[in-house]
Amino acid sequence: MSASPMIVLRALGALLSYPHRELLEALPEITEALRASLLISPQDRGALEGLIEFLAETDLLAAEEHYVEMFDRRRATSLHLFEHIHGDTRTRGDAMVALKAHYERAGFSLTANELPDYLPVVLEYLSCLDLAESQTTLRDCARILRTIGEALLQRGSTYSTVFEALLAIAGEAGLDRAAAPCRAAEDENLDGEWVEQPAFGPPAAAQAPQEGRL
C-alpha cells in the first residue's frame, strides 16, 4: 500500500470486499494501515480490529456466507450506492455512466467486472484524493452510509464498524444504536420487495454524480 495518509480509505474499502483468500492474506497490512492512521480514533480502531479478527478466525466458507447474507441478499445493506437512490430505474444507469466518466477524467480505471458505485471502488478512488475532497464526498454519502451501517448494526454484524469509521472521517455523527432496531421492519420490507440482479448488475447507491465530483 502507498504511504499516503488517505490509504486508510483503501484499507476500509478492502474490509468491505468479498472475503477471498487474497483479502485474508492482506489483513496484517490492513491492520497496520488502520493503526498508523490519525483519521481513525482508538475506539474505532479497536472495533475495526474486531472485524479483522472475525475475518481472520472464521472459516473462509462461513465468512463468505456471512458476506453474501449481509450484502448481496438485502437491499437495505447493498454496497452499491446508487441502489439506495435510484433503485432499479433508468436513472441509475445514467448515473453509473456519469460516475464512470468522472473516474476516467481523473485517470482512475475500473476492471471489467467492477461497477463504479460499489463502495469499495468508491473508497479506492477517494484514497487517491486529498483529505478535504474525500471528506466532501463522504459527507455527500453520509445518509446512505448511516443507513447501511445501522441496518448492519441491527443485524449484529461487525461490518457496521467500517461505516462508523467512515462517518467519523467525514466529520459526521456516528451510528444511532437506539434507532437501529427501529429500522428492522422497514428494512425487511425493502429486502422482501427487492428483485435480485437488477437491470445494471448487482445493487447500487450514492449521491447522484455532479460535474467534477461523485
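Every read-out reported here was derived from the displayed coordinates using simple, explicitly stated rules and does not represent laboratory data. Just so it is clear, the structure is predicted and the values come from calculations on it, not from any experiment. Cβ atoms come from the backbone with ideal geometry, glycine included; neighbour counts cover every protein chain shown.
Things worth noting here:
- Note on segment 12-136: with charges restricted to the Cβ of Lys and Arg (+1) and Asp and Glu (-1), its dipole about the Cα centre is near 500 debye.
- Whether segment 1-88 is rounded, prolate or oblate, judged on the alpha carbon gyration tensor where a/c under 1.5 counts as rounded: oblate
- Percentage relative contact order, segment 7-193, counting C-alpha pairs under 8 Å, at least six apart: 27 percent
- For segment 7-193, Kirkwood radius (reciprocal of mean inverse C-alpha pair distance, Å): 16.9 Å
- Per-residue Karplus couplings for segment 154-171, computed as 6.51 cos²θ - 1.76 cosθ + 1.60 with θ equal to phi - 60°, are listed in order as 4, 8, x, 8, 5, 4, 4, 4, 5, 6, 4, 5, 5, 5, 5, 4, 6, x Hz, Gly and Pro entered as x.
- Centroid-to-centroid separation of segment 47-85 and segment 110-183 [C-alpha atoms, Å]: 13 Å
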